[in-house]
Each structure stands twice: as structure tokens, then as C-alpha cells.
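A.B. asks: Input: one structure, supplied below.
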Amino acid sequence: MRASGILMPVFSLPGPFGIGTLGKEAFAFVDFLAEAKQAFWQILPIGPTGYGDSPYQSFSAFAGNPYFIDYRLLASDGWLTADEIPAERPVGPIDYGALYNERPVVLKKAADRLLASPSPAYEAFCREHSFWLEDYALFMAVKATQGQAGLADWPNALRCREPEAIAAAKAELAGSIDYYKAVQFFFYTQWSALKAYANAKGIRLVGDIPIYVSPDSSDLWTHPELFQTDGTMHLTQVAGCPPDAFAADGQLWGNPLYDWPVHKATGFAWWKQRMKYATSIYDVVRIDHFRAFDTYWKIPADCPTAIDGEWIEAPGYEVIDTLQKEIPGLDLVAEDLGLLRPEVLMLKDHYHLKGMKILIFSIETGGKYARDTFHDVENMIFYTGTHDNDTIMQWYGNMSAAARRKIRRMLKKAGASQGSVKDRFLQYTMQNQAEYAIIPLADILGLGKEGHINTPGTIGSPNWEWHLPDFIQAKKELQKFGRLIVDTKR
């Protein structure tokens, strides 16, 4: 293993405001990573969350999540007074309902101060981000007037962006539009400072971009021609995946599908813009559901399940050729999990992109001995698990006693025999031939169900709610992990 990192969502960082922020706890986490000889901090998407509070269903492919703005940093910059900072919240799972009610009230006070006398930095931010910022702010302002209804349920004139309706909305909602722009300025000011600090400490940020945008997003509203719609902002086809052993009806995600011929006619301009932006805020970009660059599952929008879909080929080589030409040094990770046709791996390997190995997916215990079924390759990132899996100790604890004995024997035979079972899993991971290893912090801590982040195919609590109470144990375990890296690094 040449280098390693930690998977830790921003929202799971400890802190006093009920959710992780870009404040001092984020900077402290960078310090812990550096002290533990880590090279990467992998996060989940950082956009404003929509349906189900999922970071993979965002109102924008470009905007930042207002929940991550740290009030204390706003106060130090003069945008809030000390008595305007809300009282510390009790430690516990993230309460998104409380955040939804509190955040706009506090952020409005900061935005009003900024907008009363806009700074040169704010004006420069608006110019630099004009390609998405104005449309996003208008989208959010209109959405508020519609009682937060989804885009599909807006009145026709607004949904279809009829010129008179848009002009009227811009005039009537000017104050609200400015508020949403100011909030994004606060977010990106804080994000940029954190990224600069991490990079100075030798930590590279691994960002995560969903392959698709949300059906309730400014992206669809602003550029409906780039998606498969009926011309009135209603989707004709949607994304998902076909039936398998885990889902008899398949999975109906409902995301807009790209109209690839239109993208091609524009020289893939939107994708170039999106990826250039991603590389400006991340050092490495992980593409979720990478296989959709090869083939995607197309489902008629009126189907109640994903059964009646079909596989359609996508122009993956043309897209990635264009991106690599336009963005020198583009560093991509392909999420290549699940049952894939060989052409997906051929696409990945053609560009020498790193794929993913998940330890809990690769260990089989059905035979006389437990065995790791995944063939070691160097151009790979080895994970114990991801945000969508059980933690490794949760997975191990759910095994039968016989299966657990087989796993322990497998680990011992591989030379991973020191410390607790959790420590042996980490040692085994670090001995792998993959170039990098990335470990969820919950696995570093040896957490069980309490560290589980998301269960795919389900919506609502307890998904996306894990909030670390403090760094006391994390600091100790990261230090121990750092010593393990020294022992196993090749």
C-alpha cells in the first residue's frame, strides 16, 4: 500500500451546531490525518441536500450545503455577532428538521450585513461563479414561494421558464435571490480556506460527484435541453438499475437521464464545466455510478418500477477524451462496484482510472475456509466499506460464529494477527497490493450499527444522521493507524 486516507463525511464531524461544519473541528480533523500519516480525506457530495436529506439528491451540481457553514467563522469575519450564534445543541443524530428551521434565520442575519455593503471579495465571487450562481439562487427563491414543492409541480410558466414569468420572478424575488448568493459566498469562502489548509498539510481532498443530477434541481431547470424531457420540463425517461438478487423490481431512482446527442453537439460543454469546477474544489474526483458512462438503465418515466427498463449505450470514451484534453492532470476514481459488463472495466482501464475494492464484498465464507475472492491489482483503491455498507464490525458481528472463526483464520494466515479483530482487518487492508487504501472513520473506530451511514433503497431516518460526538477516541485510533501504516507501507 503506497498511501492511505480516511472516508469521513463533513456532516459527521463533531461540533456544537447539530451537524458537522467547515469550522475548527474540520481543521482539527485535517491535523489528525496529517499526524497519522494520511494522504487523503474522502468526503461525500457537499451540495445542498434535497429529497430524503441525501447528498446524492442535491438542488445543484455546483452549490454548497448551507448546513456546513460554521457560525463561529461568520462571527470572526464580522457577519454575525456573538449573541446571534445559536446555543450548543446536545450530542446526537443529525436532526435535519431542526436545521431546516434554524439555519435560514441565522444565515439571513449574516447575509443582510454582507449585502448592506458588498465586499470586493463577494463581488468577485459572483462574477467567477456566474455560470451557475444566478440560476441556482433564482431556483431556490422560486422554490421557496412554491412551498418547497418539487420542480415538476411548479406552475407551467415558472417550470418552463417562460420569459415573462422569469422576468417577474427576478424582479419580485431580488432580495431572496441575493440571500442565496450570499450564503454560497459564505460556504465557498469557508470551503476554500479548509482546502488550502488541508493541501498545505499534505492532505488531498477526494470529492464525490453523483453521475446524475436531481429531478428537483437548478441544473434540470436551467438546461432542460440536456436531459430527456418532453419539452415542458417533465421527464420522459428516468434512471435506475435493473432487477437483481437484491431487488426483484430493480431500483427506480427517478433522476433525469442525459440526452447524449445534445451533449455531443455542444462538445460536452456542460460536462467540461462541471468537471473543471469539481477539480477546482477537490484534488481527486470520484464518479459515483461510473458505469453510466458506458451503459445506463433507461426506464419510462411513467413506470412504477424499474422492471421495464433497457440498457442504452453512452458515449463514455468521447466524454472522457474531451475531459482529459480540457483538464490536464484530471485525477478520477471510477466507482465500479456491482455486476458490470466487461466493457465498463475496459473503459476504466483504457484511461488507467483507479477502481474500488470493498473488503466486505470480497470475503466469502461459504466453503471450508474464508477467502478473499478479489484479484489484487495495483491500480485500485481498497476500502473496508463505504457509506452505503454496514461498518466492518457490524458486518462481522452479523456473521455466524463459524463464519467469524473462518475469517479470523484467514486474517491470521495472511499475517494480520495483531490486536483486536478490528485491528486485524485494518492490518489486512494495509497489506493489500492496491496503490491506496481508504478506510471509513467508523471502521477505524471499530463502530457497529451506530456508525452506519446509509442503507441504499431506503429513505429517511437513520440515513445520513451519523454525527461523531467528539474526537477523543478518533485521535487515539488514528494515531495507532498511523503506526500501522509505517509498519506495512511498501
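The values are calculated or read from the model by the stated rules, or taken from the named source; none is laboratory data. Keep in mind the model is a prediction, meaning the values are calculated, not measured. Cβ atoms come from the backbone with ideal geometry, glycine included; neighbour counts cover every protein chain shown. Side chains included, ligands, DNA and RNA excluded: accessible areas come from the protein's heavy atoms. Shrake-Rupley method; radii C 1.70, N 1.55, O 1.52, S 1.80 Å.
A.B. asks: I need the full set of residues from region 185-217 which are not in a helix (DSSP H, G or I) and not aliphatic (A, V, I, L, M), in order please.
C.D. replies: Lys201, Gly202, Arg204, Gly207, Asp208, Pro210, Tyr212, Ser214, Pro215, Asp216, Ser217 - these are the residues of region 185-217 that are not in a helix (DSSP H, G or I) and not aliphatic (A, V, I, L, M).
A.B. asks: Continuing with the same structure: If I ask for residues that are within 18 Å of the chain's Cα centre (by Cα) and open to solvent by 20 Å² or more (accessible area, probe 1.4 Å), which ones from region 405-452 would you list?
C.D. replies: Correct list: His452 only.
A.B. asks: Only one of Glu310, Glu335 is over 24 Å from Ile459 (Cα atoms), acidic (Asp, Glu) and open to solvent by 20 Å² or more (accessible area, probe 1.4 Å); which?
C.D. replies: The conditions single out Glu310.
A.B. asks: With the requirement that a residue be within 19 Å of Gly64 (Cβ to Cβ), of a type outside the set (Phe, Trp, Tyr) and open to solvent by 30 Å² or more (accessible area, probe 1.4 Å), what does region 119-135 give you?
C.D. replies: Listed by number, the residues that qualify are Ala121, Glu123, Ala124, Arg127, Glu128, Ser130, Glu134, Asp135.
A.B. asks: To continue, here is another question. Restricting attention to region 19-37, report how many residues are in a loop (DSSP other than H, G, I, E, B) and open to solvent by 10 Å² or more (accessible area, probe 1.4 Å). So that I can check it myself, show each step before the final result.
C.D. replies: Within region 19-37, the subset in a loop (DSSP other than H, G, I, E, B) is 19-23, 36-37.
So of that shortlist, the ones also open to solvent by 10 Å² or more (accessible area, probe 1.4 Å) come out as 37.
Final tally of qualifying residues: 1.
A.B. asks: Leu257 - would you say it is without any contact (Cβ under 8 Å) to a residue 60 or more places away in the chain and in contact with a strand residue (DSSP E or B) (Cβ under 7 Å, 6 or more places away or on another chain)?
C.D. replies: For Leu257, the condition - without any contact (Cβ under 8 Å) to a residue 60 or more places away in the chain and in contact with a strand residue (DSSP E or B) (Cβ under 7 Å, 6 or more places away or on another chain) - is met.
A.B. asks: If Leu138 satisfies all but one of (1) farther than 19 Å from Leu22 by Cα; (2) open to solvent by 20 Å² or more (accessible area, probe 1.4 Å), what's the number of the condition it fails?
C.D. replies: It fails just one condition, (2).
A.B. asks: To continue, here is another question. Could you please find all residues in region 382-417 being hydroxyl-bearing (Ser, Thr, Tyr) and under 21 Å from Gly367 (Cα atoms)?
C.D. replies: Tyr396, Ser400
A.B. asks: If you scan region 159-177, which residues turn out to be in contact (Cβ under 8 Å) with a residue 24 or more places away in the chain, in a helix (DSSP H, G or I) and either open to solvent by 60 Å² or more (accessible area, probe 1.4 Å) or closer than 28 Å to Phe32 by Cα (or both)?
C.D. replies: Within region 159-177, Lys170 is the sole residue that qualifies.
A.B. asks: Considering only region 372-379, I want to know if a residue exists there that is of a type in the set (Val, Ile, Thr), under 25 Å from the mean Cα position of the chain (by Cα) and surrounded by fewer than 18 Cβ atoms within 10 Å (Cβ to Cβ).
C.D. replies: no
A.B. asks: So Asn398 ticks every box in (1) in contact with a strand residue (DSSP E or B) (Cβ under 7 Å, 6 or more places away or on another chain); (2) at pLDDT 95 or above; (3) open to solvent by 70 Å² or more (accessible area, probe 1.4 Å) but one. Which box is left unticked?
C.D. replies: Of everything listed in (1) in contact with a strand residue (DSSP E or B) (Cβ under 7 Å, 6 or more places away or on another chain); (2) at pLDDT 95 or above; (3) open to solvent by 70 Å² or more (accessible area, probe 1.4 Å), Asn398 misses just condition (1).
A.B. asks: Based on what the data block shows, is Phe17 within 21 Å of Tyr136 (Cβ to Cβ) and of a type outside the set (Val, Ile, Thr)?
C.D. replies: no
A.B. asks: May I ask you to say which residue of Leu323, Leu257 is crowded, with 19+ Cβ neighbours inside 10 Å and more than 22 Å from Thr458 (Cα to Cα)?
C.D. replies: Going through Leu323, Leu257 in turn, the sole match is Leu323.
A.B. asks: Got a sec? Which of Asp294, Asp259 is more than 30 Å from Ala39 (Cβ to Cβ), at pLDDT 95 or above and acidic (Asp, Glu)?
C.D. replies: Asp259
A.B. asks: Restricting to region 194-207, name every residue that is open to solvent by 10 Å² or more (accessible area, probe 1.4 Å) and in contact (Cβ under 8 Å) with a residue 40 or more places away in the chain.
C.D. replies: Listed by number, the residues that qualify are Lys195, Tyr197, Asn199, Lys201, Gly202, Arg204.
A.B. asks: Could you look through region 92-105, keep only residues that are assigned to a helix (DSSP H, G or I) and open to solvent by 10 Å² or more (accessible area, probe 1.4 Å), and pick out the one that is nearest to Trp191 (Cα to Cα)? If you could, list the steps in order and put the result at the bottom.
C.D. replies: Start the filter on region 92-105 by keeping residues that are assigned to a helix (DSSP H, G or I), which leaves 96-105.
Adding the requirement that they be open to solvent by 10 Å² or more (accessible area, probe 1.4 Å) leaves 96-98, 100-102, 104-105.
On the way: Tyr96: 21, Gly97: 24, Ala98: 23, Tyr100: 21, Asn101: 23, Glu102: 21, Pro104: 19, Val105: 21 Å.
Step by step, filter region 92-105, then rank; the result is Pro104.
A.B. asks: For region 454-475, give me the residue count where each residue is loosely packed, with under 14 Cβ neighbours inside 10 Å and among the aliphatic types (A, V, I, L, M).
C.D. replies: Here the count works out to 2.
A.B. asks: In the set Arg89, Arg113, Arg72, which member is open to solvent by 30 Å² or more (accessible area, probe 1.4 Å), in contact (Cβ under 8 Å) with a residue 24 or more places away in the chain, of a type in the set (Lys, Arg) and not in a helix (DSSP H, G or I)?
C.D. replies: Residue meeting the stated conditions: Arg89.
A.B. asks: Another question about this same structure. Looking only at residues in region 218-254 that are assigned to a loop (DSSP other than H, G, I, E, B), within 23 Å of Lys143 (Cα to Cα) and in contact with a strand residue (DSSP E or B) (Cβ under 8 Å, 6 or more places away or on another chain), which one is most open to solvent (accessible area, probe 1.4 Å)?
C.D. replies: Only one residue tops the list, namely Thr236.
A.B. asks: Given the conditions (1) open to solvent by less than 50 Å² (accessible area, probe 1.4 Å); (2) under 24 Å from the mean Cα position of the chain (by Cα); (3) not basic (Lys, Arg), report the number of the one that His352 does not fulfil.
C.D. replies: (1)
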